[in-house]
1. Provide a single number: the residues in the range 85-107 that are in contact with a strand residue (DSSP E or B) (Cβ under 6 Å, 6 or more places away or on another chain) and assigned to a loop (DSSP other than H, G, I, E, B).
2. Can you work out which of the residues in the range 93-104 that are surrounded by 14 or more Cβ atoms within 10 Å (Cβ to Cβ) and either within 14 Å of the ligand (Cβ to nearest atom) or modelled with pLDDT under 95 (or both) is nearest to residue 58 (Cα to Cα)?
3. Residues being surrounded by fewer than 17 Cβ atoms within 10 Å (Cβ to Cβ), away from the ligand (no atom under 14 Å from the Cβ) and not in a loop (DSSP other than H, G, I, E, B): count how many of those fall in the range 40-84.
Ligand code: FES
């Protein structure tokens, strides 16, 4: 969702406040835990994405990796995951990671971890 699509309003059902939009620097992943689910929030190219913070290849935090071209790279073995789909672009990871819907309401970043997008 682009940053300008959502104005101030009521919190949508199923969405939890993850952090303030102002806390997110461009291309700097931000790890949060929502209902016990580790999530990496990434602000890049004018959008905010929420992706599982656990690599599908091993139990490694993706938020410690680098962001480039709408992908986040796992620091351990180098697989990159598309922030929009969660799909890996190369080995060794072969399975996608979950991506979650994001809403921006005012300065709040809201994420639903009960539905994968
Ligand atoms: S742990 Fe992420 S690619 Fe191996």
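The values are calculated or read from the model by the stated rules, or taken from the named source; none is laboratory data. Predicted model, so just to flag it, every value in this text is computed and none were measured. Positions of Cβ are backbone-derived with ideal geometry, glycine not excepted, and every protein chain shown enters the neighbour counts.
1. 5
2. Here the residue is 93.
3. 2
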